[in-house]
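Here is the structure we will look at, set down as structure tokens.
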Amino acid sequence: MASANSPAGASTNATPFLHGTEFEALAEALRAGQYGHGVLTETFEHEVAEFLGVPDMVAVASGTAALQIGLMLAGIGPGDEVIVPSQTFCATVQSIVAVGASPRFIEVSPASLCVEPEDVLAAVTPATRAVMPVLYGGRAVDLTAVQDVLDDRGITVVEDAAQAFGSYFGTRLVGSTGALTCFSFGPIKNLTCGEGGGLVPRNPEEAAAARRIRLLGIDQSQADRIRSTSYQVASFGLRAPMSSLHAAIGSAQLARFPEVEARRKDLWRTYAADLAELDGVALIDVDIDRTVPFNCVVRIPDRDLTFETLRDQSIGVGVHYPPNHLQLAFSRWHRKLPVTESLARQVMSLPFHPAMTTTDVHHVTTALARALRSVPALAYRSGSEGGR
Ligand SMILES: *Cc1c(COP(=O)(O)O)cnc(C)c1O
């Protein structure tokens, strides 16, 4: 149902993709009258768990809340260090700060913008209690080379898979690998609930704890509460349940997810073919065969100028993300990260959302080629920066 989507084309960087079925699902949820956590939330949880092939999934209000709860389940708190790439959305880092722990920023590979196992290992200190790999662009992060060391030291991996719903790690879906995995179902993510997040617990105890934390520490199911004259507040808790309204949107989206998966992969491959013709442009590799790509990011030498040139032509380029170790809020944890700082001057996200057409992609890559040609020094400079 094409009319469900506004004709955003190449002018927007990212926008939700609707199938049309969300409208009736949401209207029905509104009429049902239960707007907080409810039956529809639990249905969505079961559907996602079934999709992933796991026993359980806990739906929450946002990806950020999922990350914070994931860290809490791993017992992370004040005095603990969490290894995290600086190259991520600030939400990743805020979730660490929210539990009172310290982010320990590390570099990423310029090819994938994901962390490398050896950099994780090199950053381990006696205070390290968790690693938060970010599945940038939807690409799974392989830490098997250091998993034994992490296990021996009692370091938990909490995956920021906000961008990676539907992607595979080898032959298994992200979220079904046994790791504590956190998804976002925010507006522009691979699967959207409007707003929302989800967490795959590693065992029934973690699932119960996550359900308690997401609803103010109350140790009782919604159904039991209705039948009881009291309730037990068992622990600290957030107010981060997923509303039935958002869950209804999520269920409608999930039923049509294969369509989004195919569109995103096609779009990325179309970009890759076009960009291969351009000198001085390095495409961030998302491992497309296994990934449902969240974005299409390139490294280019004179990013700021190119960005402005394309913006002036109403092409929705973006930058994801300004590095976190340079942010004011995180200055206490600043370290020198030359690779990340160099990448930060080069990365640019091209318009990428499932409503885009092949023509839209050609429009973007043609404009990019023109912009690059207009600065003759670029080709020369492209060889000198960013490698590792
Ligand atoms: C979107 C995103 C988040 C946060 O998810 P929300 O649902 O917006 O809270 C965290 N990390 C990364 C890498 C993201 O892209």
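The values are calculated or read from the model by the stated rules, or taken from the named source; none is laboratory data. This is a predicted model, so every value here is computed, not measured. Cβ coordinates were reconstructed from backbone atoms using ideal geometry, including for glycine residues, and neighbour counts include every protein chain displayed. Accessible surface areas use protein heavy atoms only, side chains included; no ligands, DNA or RNA. Shrake-Rupley method; radii C 1.70, N 1.55, O 1.52, S 1.80 Å.
For the stretch 309-334, the set of residues classified as away from the ligand (no atom under 16 Å from the Cβ) and surrounded by 13 or more Cβ atoms within 10 Å (Cβ to Cβ) consists of T309, L310, Q313, I315, G316, V317, L326, W333, H334, listed by residue number.
If I ask for residues that are in contact (Cβ under 8 Å) with a residue 12 or more places away in the chain, part of a loop (DSSP other than H, G, I, E, B) and either more than 9 Å from the ligand (Cβ to nearest atom) or within 15 Å of E47 (Cβ to Cβ) (or both), which ones from the stretch 178-203 would you list? Answer for the stretch 178-203, where residues must be in contact (Cβ under 8 Å) with a residue 12 or more places away in the chain, part of a loop (DSSP other than H, G, I, E, B) and either more than 9 Å from the ligand (Cβ to nearest atom) or within 15 Å of E47 (Cβ to Cβ) (or both): G178, A179, F185, N190, L191, T192, C193, G194, G196, P201, R202. Can you name the residue in the stretch 151-173 that is more than 13 Å from the ligand (Cβ to nearest atom) and among the β-branched types (V, I, T) and, of all such residues, is surrounded by the most Cβ atoms within 10 Å (Cβ to Cβ)? The qualifying residue surrounded by the most Cβ atoms within 10 Å (Cβ to Cβ) is V157.
Does the stretch 39-54 include one or more residues that are of a type in the set (S, T, Y), open to solvent by 10 Å² or more (accessible area, probe 1.4 Å), closer than 27 Å to L326 by Cα and assigned to a helix (DSSP H, G or I)? The answer is no, given that none of the residues of the stretch 39-54 is of a type in the set (S, T, Y), open to solvent by 10 Å² or more (accessible area, probe 1.4 Å), closer than 27 Å to L326 by Cα and assigned to a helix (DSSP H, G or I). Checking the stretch 278-286 against the condition returns a match, with at least one residue being under 21 Å from D119 (Cα atoms), at pLDDT 95 or above and open to solvent by less than 10 Å² (accessible area, probe 1.4 Å). Every listed requirement among (1) over 20 Å from the mean Cα position of the chain (by Cα); (2) within 19 Å of D160 (Cα to Cα); (3) touching a residue at least 60 places away in the same chain (Cβ under 8 Å) is met by G100 save one, (3).
In the stretch 161-177, the residues that are among the β-branched types (V, I, T) form Cβ pairs under 6 Å with partners that are in a loop (DSSP other than H, G, I, E, B) and within 16 Å of the ligand (Cβ to nearest atom), at six or more places apart or across chains, as follows: V174/A140; V174/A161; V174/A164; V174/S167. Annotation: of all residues in the stretch 80-97 being open to solvent by 10 Å² or more (accessible area, probe 1.4 Å) and within 15 Å of V134 (Cβ to Cβ), the one that is farthest from the chain's Cα centre (by Cα) is Q94.
The residues in the stretch 211-243 that are under 30 Å from P293 (Cβ atoms) and hydroxyl-bearing (S, T, Y) can be counted, and the count is 1.
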